[in-house]
Amino acid sequence: MSTDDARDTPGENEVYCRECGEIIRENAEICPECGVRQRSPSSGFDNDAGIAAVASLLIPGAGQIYLGHLGRGLLFLFGSFVAGLLSVFLVGIPFLLAIWVYGIYDAYHLAENPERAE
Ligand SMILES: [Zn+2]
């Protein structure tokens, strides 16, 4: 088991075990090889919610689009664009920040509760 024989790269639904590097199922909670618990698929930073939040941090609406809510994402993108234009006259800055922060919050919770978007 511990021999370094020809190890393939992980397949579509496979990942490396964080502990021993063995190729295991992506949604496996515990590595069958070393018994170390992997990150839980529904919590932790490295999941859809984290990715969506970071995406929204970089580009307003990107997190929503990443999650498949194109219209919602474009709304945030358009809203922040308008607020960005208004920021030229300074009055838009609070709006821009508000839309931006709310977009990050929204993307994060959208990932956690997808039914909220309906
Ligand atoms: Zn392992």
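The values are calculated or read from the model by the stated rules, or taken from the named source; none is laboratory data. Since this is a predicted model, take the numbers as computed values, not measurements. Cβ atoms come from the backbone with ideal geometry, glycine included; neighbour counts cover every protein chain shown. Side chains included, ligands, DNA and RNA excluded: accessible areas come from the protein's heavy atoms. Shrake-Rupley method; radii C 1.70, N 1.55, O 1.52, S 1.80 Å.
Rounded if a/c is under 1.5, else prolate if a/b beats b/c, else oblate: with a ≥ b ≥ c from the C-alpha gyration tensor eigenvalues square-rooted, which is region 48-117? Prolate shape, in that a/c is at least 1.5 and a/b is the bigger ratio.
The calculated FRET efficiency for the pair Val36 and Tyr105, based on their C-beta separation and a Förster distance of 30 Å, comes to about 0.35.
Rounded to the nearest 0.05, what FRET efficiency do Phe95 and Asn47 have when you use their Cβ-Cβ distance and R0 = 30 Å? Efficiency at R0 = 30 Å is approximately 0.50. Modelled spin-label separation between Cys20 and Asp8, with each label point placed 7 Å from Cα along the Cα-to-Cβ direction: 1.9 nm. Backbone phi angles across region 10-27, fed through the Karplus curve with coefficients 6.51, -1.76 and 1.60 (θ = phi - 60°), yield HN-Hα couplings of x, x, 4, 10, 10, 9, 7, 4, 5, 9, 9, x, 5, 7, 10, 4, 4, 9 Hz in residue order; Gly and Pro are listed as x. Taking the accessible area of region 48-117, probe 1.4 Å, and keeping the other protein chains in place, the carbon and sulfur fraction comes to 79%. On a per residue basis, region 48-117 carries 59 Å² of accessible surface, using protein heavy atoms and a 1.4 Å probe.
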